[in-house]
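Since every read-out is calculated from the coordinates, none of them should be taken as a lab result. Quick caveat, the model's predicted, so the values are computed rather than measured. Virtual Cβ from ideal backbone geometry, glycine too; neighbours counted across all protein chains shown.
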Amino acid sequence: MSSRKPSARAKRIEQFREELGGFDDIFAREEQRHDALAERREQARYEKACASKKRYATKGEALLAIEACAEHGRRGLTCYKCSYCGGWHLTSHPWE
Ligand SMILES: [Zn+2]
């Protein structure tokens, strides 16, 4: 009876390891899924904040564009330095 114990225990440990291995895999897949989601969000953010906008090389140019817009009745614009392209973009939502 007592001689069977170690092997039964070893078997349980082996089984446990396999289950853990399975969990590791699930976690890894979950992490990949999160990475993919984060990447898509980041891409969407980039499209919205940079790619879809007109780029100004300097703040001066951006401010001139804001002035021009104001002259045409488009007020409330502000500009920000883009962390993606290093240029300047205009926005009507300064909190973005
Ligand atoms: Zn940009």
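In terms of other Cβ atoms within 10 Å, Lys54, Lys59 run from fewest to most in the order Lys54, Lys59. Under 12 Å from a label point set 7 Å out along the Cα-to-Cβ vector of Cys82, the amide N atoms of segment 30-69 belong to 46-58. Once the Cα atoms are used to define both axes, helix 59-71 deviates from the longest principal axis of the chain by about 60 degrees. Lysine pair count for segment 7-96 with Cα-Cα distance under 21 Å and sequence separation of 8 or more or different chains is 5.
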